[in-house]
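Working notes, beginning with the structure itself.
The values are calculated or read from the model by the stated rules, or taken from the named source; none is laboratory data. Note that this is a predicted model, so its numbers are computed, not measured. Backbone-built Cβ (ideal geometry, glycine too); neighbour counts: all protein chains shown. To get the accessible areas, we keep the full protein, side chains included, count just its heavy atoms, and leave off ligands, DNA and RNA. Shrake-Rupley method; radii C 1.70, N 1.55, O 1.52, S 1.80 Å.
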Amino acid sequence: MRRKLVAGNWKMNTTLAEARALAGAVAAGVGASPSVDVAVCPPYPWLVPVADALKGSAVALGAQDVSAEPKGAFTGEVSPGMLLEAGCRYAIVGHSERRHVIGESDSLINHKVHAALEAGLHVILCMGETLAERDRGLMERVFQRQVYSALAGLTDEQFGRLVIAYEPVWAIGTGRTATPDQAQEAHAFVRARVASLYGEKIASGLPILYGGSVTPDTAAGLFAQPDVDGGLVGGASLKADGFLAIVRAVV
Ligand code: PGA
């Protein structure tokens with residue numbers, strides 16, 4: 001059985017006071033031993049205070065990005081070791097906003113995946129097609145490229161700390177959620193690509209989250225799909241009630 005995960009990606013939102021309050025409310029709502037893993041990913045400067053707010057709870061901390069380098073002259077970057085020391089369990093890598101807005105390449109994303117896993121973090125690797133790629137029938141080619149390039153060279157043990165988030169770019173922040181059938185079709189294809197490249201055992205144990213305009217209303221239908229193992233939630237993770245409703249939709 002694959003363990004389910006719901007992770008909140010707060011992006012560049014919240015004041016420090018809001019971040020503390022949101023983390024506290026999520027921690028209280030999730031309880032001591034949830035049957036699903038839960039994580040929140042605040043902006044970098046709020047990692048340590050949010051770690052404090054989560055102390056003693058079952059909610060894990062994640063970062064929204066990570067450097068591919070361990071230390072040194074990399075202005076503005078934050079290393080995997082720093083994230084671990086700040087209390088992070090997860091790092092999101094290859095989010096579409098970093099691929100398409102900031103311009104991160106497949107090869108940089110592969111380096112970040114390696115650096116984070118080698119340091120001991122768990123990685124939430126994001127992938128997904130743009131609307132133009134979907135309309136031109138290129139989805140499978142895009143998945144093949146993203147799965148192959150991001151995961152090349154991982155050990156079996158490292159695959160055990162990897163989660164994929166399928167996030168169709170056209171669904172992120174648009175209010176246009178993929179249908180459960182669209183999500184299932186994409187997840188099954190991604191899993192099949194992982195199986196053909198890295199083996200059936202790794203593919204069947206790999207959690208694949210859906211992300212892109214998940215709401216309390218759409219979550220249950222998405223999470224009921226056999227290859228959807230939870231969600232990466234942006235906008236709807238900024239309100240504790242809505243996020244907790246999405247967590248309950250997995251259960
Ligand atoms: P959204 O963002 O839920 O606001 O669409 C999801 C994500 O970008 O991870």
- When Lys and Arg each count +1 and Asp and Glu each count -1, what net charge do the other residues less than 14 Å away from Leu232, Cβ to Cβ, add up to? -2
- Counting Lys and Arg as +1 and Asp and Glu as -1, what is the net charge of the other residues whose Cβ lies under 10 Å from the Cβ of Gly128? -1
- Item | Accessible area, probe 1.4 Å, largest first, for residues Thr177, Thr155 | Thr155, Thr177
- Task: Could you rank Leu5, Leu238 by how accessible they are, 1.4 Å probe, largest area first?
- Result: Leu238, Leu5
- Mean accessible surface per residue for segment 107-251, computed with a 1.4 Å probe while every protein chain stays in place, in Å²: 40
- Query: Of all the accessible heavy-atom surface of the chain, with the other protein chains kept in place and a 1.4 Å probe, what percent is carbon and sulfur?
  - Reply: 55
- Task: Mind giving me the FRET efficiency for Asp217 and Ser33? R0 is 41 Å, r the Cβ-Cβ distance, nearest 0.05 is fine.
- Result: 0.95
- Message: Rg/Rh for the chain to two decimals, with Rh computed the Kirkwood way over all alpha-carbon pairs.
- Response: 0.93
- For the chain the mean separation of alpha carbon contacts under 8 Å (6+ apart) over residue count, i.e. relative contact order in percent, is 21
- Query: If you take the Cα atoms of segment 15-67, find Rg, then find the Kirkwood Rh from the mean of 1/r over all pairs, what is Rg/Rh?
  - Reply: 0.96
- Proximal charge balance of Val147 [Cβ under 15 Å; K/R count +1, D/E count -1]: -2
- Message: Using helices alone, I'd like the mean residue ellipticity at 222 nm for the chain: each DSSP H run of four-plus residues gives -39500 (n - 2.57), total over residue count, nearest 500.
- Response: -13000 deg cm²/dmol
- Message: Between Val50, Val26, Val142, where does the largest GNM mean-square fluctuation fall for the chain, given springs only between Cα atoms within less than 10 Å?
- Response: Val142
- Item | Over 29 Å (Cα to Cα) - which of Lys4/Lys71; Lys71/Lys201; Lys4/Lys55; Lys55/Lys201; Lys4/Lys112 fall in this group | Lys4/Lys71; Lys71/Lys201; Lys55/Lys201
- segment 58-132: which GluC sites (Glu not before Pro) are DSSP loop and have at most 14 other beta-carbon atoms within 10 angstrom? Glu77
- Query: Between Rg and the Kirkwood Rh of segment 70-137, both from Cα atoms, what is the Rg to Rh ratio?
  - Reply: 1.05
- Accessible surface ranking that places the most exposed of Glu69, Glu18, Glu200, Glu133 first, with a 1.4 angstrom probe: Glu200, Glu18, Glu69, Glu133
